[in-house]
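**Student:** Questions regarding the structure given below will be posed in turn.
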Amino acid sequence: RNLVGDAVEGMPWLGTFHAIGAKMLRRHAELVGLQTNFTILDTDDQLRLIKQLIAANDLDEKRWPARQLAGLIDGWKNKGLTPKDLDAGESEQFANGRGQSLYAQYQDRLRTLNACDFGDLLLHNLTLFTEHPDILADYHARFRYILVDEYQDTNVAQYLWLRLLAQGRKNICCVGDDDQSIYGWRGAEVDNILRFERDFPGAKVIRLERNYRSTGHILAAASGLITANKGRLGKTLWTEADQGEKVRVRGVWDGEAEARLIADEIESARRRGRKYKDTAVLVRASFQMRAFEERFVMLQIPYKVVGGPRFFERAEIRDAHAYLRLIQSEDDDLAFERVVNTPKRGIGEASVQKILATARLNGVSAVRASREIITTDELPARTRTPLSNFLRDLDRWRSVAVAKSHWEVTEIVLDESGYTDMQRQDRASGQTRLDNLKELVQAMQAFESLQAYLEHVSLVLDLERESGEDSVQIMTLHSAKGLEFPLVFLPGWEEGV
């Protein structure tokens, strides 16, 4: 502003795609059926609204969960698709082809509420620009120059919006790195950067190839790997820094051997003067963290899991443990309270509190109180039936546990309780949780009994104190973007991971 003078018109047009989209939308809201004071729904409100629609359409929410439809709608909006743009294949993804109808109903309901969700901030702008060329021409005149950062992380809707906006003057500068496109899982399209020269013929491409942060050997190793990727623009990184230490590749038999090797390397580096905080263990997915956490606890190496809970503190692991504790001892009321309605069986919070109060009053366990209460009228029939089924399942699993190994029992419980299905239906993070549960089952095989395993978990959780500043950092590669560490371990570089 100081450089070009105070009277710069439109100086505040600086922000994320969605923030600028919201600002434009407030100016022209009535053209897409909204008022200028529209509200932007958060995820909770969005889910509540979708649940109402699912119920109004007589669909089983257990089979067709609101979270799944919310994920699909978000994906469609990221691709710039309105309900009328959906083809049969897209619509088929929910409730046997009713995806399009529910999406249309959802958009209508949002308009009635004078609201929009995050995806609408760009989707409505696409409608504005394509259906009202005069408005687009006004923005062409307003924006003489456009600068976009992290262009490789844009999704289809952002790309279409930007292309419409920039076609007027073609003074657009995009900064990005096709080799750093890591957000495909949330709709980012690396093709946006790959087709830039086609969209804007004559555009000047400046390759920023000098690297200021890494060393020669590491850059050479990285360049050697990435050249195998054919879907990239290509560049050759170089540095004036030292060649540095070479990348070391080590082969081990399994995850446990890998954890032992890395823990030994960390201790060895510490003896040479390195601090724990100089070290990062970067994994592809959270399930890989367990072996390292257990090894570090055993050797009393302080560590922090960055960007998420520790393995044994994850909700899905605690849920699985609660089922197992209840099979081992039906006196475990805390375990009962955690899983009696997980996944949802129709046993509401009020009913659970009534069972627990009855148990305390009679000095018995919650399971014992439940066995008594299902023979009375204290709970409504719609609650007594699922509670009775849950108790029957518990008894069956307990008898199965006598004949089968504890890890096989865990798999049976997770499948028969509906817990595995519940995770499969969660398109957002269900697969991550399923991977963690798979890792849990594998970890259990190292113990001779369920009791031995649960004792081990208790000890690990007891030892996992909050680490101080000087701690090894364990995190996923996504969480590590932009960070630097003198000593880095990259475990689990095998096919499929």
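**Student:** Work out how much length residue 96 to residue 285 would gain on full extension: take 0.36 nm times their residue separation and subtract the Cα-Cα distance, in nm to one decimal.
**Tutor:** 64.9 nm
**Student:** Another question about this same structure. If you fit an axis through the alpha-carbon atoms of helix 99-112 and take the longest principal axis of the Cα set of the chain, what angle between them do you get, 0 to 90°, nearest 10?
**Tutor:** 70
**Student:** Contact order normalised by length for the chain, with contacts defined as Cα pairs under 8 Å and 6 or more residues apart; what percent is it?
**Tutor:** So the answer I get is 15 percent.
**Student:** Working from Cα positions, state the angle (0 to 90°, nearest 10) between the long axis of helix 349-362 and the longest principal axis of the chain.
**Tutor:** The two axes meet at around 30 degrees.
**Student:** Related question: Suppose we look only past 21 Å in the calculated P(r) of the stretch 229-320. What percent of the Cα-Cα pairs does that tail hold?
**Tutor:** Of the Cα pairs, 49 percent sit more than 21 Å apart.
**Student:** Still on this model: Scale the Cα Rg of the stretch 178-296 by the rule-of-thumb value 2.2 N^0.38 Å and send over the ratio, two decimals.
**Tutor:** Its radius of gyration relative to the 2.2 N^0.38 Å reference: 1.40.
**Student:** While we're here: Taking loop as defined by DSSP and a crowding limit of 10 other beta carbons within 10 Å, which chymotrypsin sites (Phe, Trp or Tyr not before Pro) in the stretch 198-262 fit?
**Tutor:** Within the stretch 198-262, the qualifying chymotrypsin sites (Phe, Trp or Tyr not before Pro) (loop, at most 10 other Cβ atoms within 10 Å) are 212, 253.
**Student:** In terms of solvent-accessible area of protein heavy atoms at a 1.4 angstrom probe, what is the ranking of 173, 116, highest value first?
**Tutor:** 173, 116
**Student:** Filter the trypsin sites (Lys or Arg not before Pro) in the stretch 43-138 to those in DSSP coil with at most 15 other Cβ atoms within 10 Å of their Cβ, and list the result.
**Tutor:** In loop regions of the stretch 43-138 (DSSP not H, G, I, E or B), the sparsely surrounded trypsin sites (Lys or Arg not before Pro) are 62, 63.
**Student:** So with the 1.4 Å probe, I'd like the accessible area per residue for the chain, rounded to whole Å².
**Tutor:** That works out to 55 Å² for each residue.
**Student:** Tell me the label-point distance for the pair residue 87, residue 144, using the 7 Å Cα-to-Cβ offset, in nm and rounded to one decimal.
**Tutor:** Inter-label distance under the simple model: 4.4 nm.
**Student:** Report residue 264's accessible area, 1.4 Å probe, all protein chains in place, as a number in Å² to the nearest 10.
**Tutor:** Number for this one is 90 Å².
**Student:** Here's a follow-up. Length gain on complete extension for the stretch residue 225 to residue 425, per 0.36 nm per residue less the alpha carbon to alpha carbon distance?
**Tutor:** Contour length minus Cα-Cα distance gives 68.5 nm.
**Student:** Using a 1.4 Å probe on the protein heavy atoms, what percent of the accessible area of the stretch 285-431 belongs to carbon and sulfur?
**Tutor:** Carbon and sulfur together cover 50 percent of it.
**Student:** Next question, about the same structure. Label points 7 Å out from Cα along the Cβ direction at residue 411 and residue 493: separation in nm?
**Tutor:** 3.1
**Student:** Using the beta-carbon distance between residue 212 and residue 248 and R0 = 22 Å, what value does 1/(1 + (r/R0)^6) give for FRET efficiency, to the nearest 0.05?
**Tutor:** 0.40
**Student:** Quote the convex hull volume per residue of the chain, based on C-alpha atoms, as a whole number of Å³.
**Tutor:** Considering the Cα atoms of the chain, their hull volume per residue is 216 Å³.
**Student:** Which entries of 77/438; 275/438; 84/230; 235/481; 204/230 have Cα-Cα distances beyond 24 Å here?
**Tutor:** 77/438; 275/438; 84/230
**Student:** So how tilted is helix 289-299 from the main axis of the chain? Cα-based, degrees 0 to 90, rounded to 10.
**Tutor:** The two axes meet at around 60 degrees.
**Student:** Can you give me the solvent accessible area of residue 277 with a 1.4 Å probe, rounded to the nearest 10 Å²?
**Tutor:** Answer for residue 277: close to 100 Å² accessible.
**Student:** Once neighbouring chains are kept in place and the probe is 1.4 Å, which whole percent of the accessible area of the stretch 17-89 is contributed by carbon and sulfur?
**Tutor:** Ligands and nucleic acids excluded, carbon and sulfur give 49 percent.
**Student:** Work out how much length residue 232 to residue 344 would gain on full extension: take 0.36 nm times their residue separation and subtract the Cα-Cα distance, in nm to one decimal.
**Tutor:** Full extension from residue 232 to residue 344 adds 35.8 nm.
**Student:** Let me ask another. As I understand it, the dipole of the stretch 348-497 uses +1 on the Cβ of Lys and Arg and -1 on the Cβ of Asp and Glu, about the Cα centre. Which of 447, 380, 413 lies farthest toward its positive end?
**Tutor:** Looking along the dipole axis, the top candidate is 380.
**Student:** So for the stretch 314-410, averaging the separation of alpha carbon pairs under 8 Å that are six or more residues apart and normalising by length, what relative contact order in percent results?
**Tutor:** So the answer I get is 26 percent.
**Student:** How much accessible area does residue 245 have with a 1.4 Å probe, in Å² rounded to the nearest 10?
**Tutor:** 150
**Student:** In Å, the Kirkwood hydrodynamic radius of the stretch 74-189 over pairs of distinct alpha carbons?
**Tutor:** Value: 15.7 Å, from the Cα pair sum.
**Student:** Next question, about the same structure. So how long is each side of the stretch 281-412 along the principal axes, counting just the alpha-carbon atoms, biggest first, in Å?
**Tutor:** Cα extents, longest axis first: 56, 34, 27 Å.
**Student:** Could you work out what % of the accessible surface of the stretch 99-224 is carbon and sulfur, using a 1.4 angstrom probe and leaving DNA, RNA and ligands out of the count?
**Tutor:** Whole-percent figure for carbon plus sulfur exposure: 52.
**Student:** Also, I was wondering about something else. How far apart, in nm, are the 7 Å Cα→Cβ label points at residue 177 and residue 13?
**Tutor:** My value for the distance between the label points is 2.9 nm.
The values are calculated or read from the model by the stated rules, or taken from the named source; none is laboratory data. Quick caveat, the model's predicted, so the values are computed rather than measured. Neighbour counts run over all protein chains shown; Cβ positions are idealised from the backbone, glycine included. The accessibility values were calculated without ligands, DNA or RNA, using every heavy atom of the protein model including side chains. Shrake-Rupley method; radii C 1.70, N 1.55, O 1.52, S 1.80 Å.
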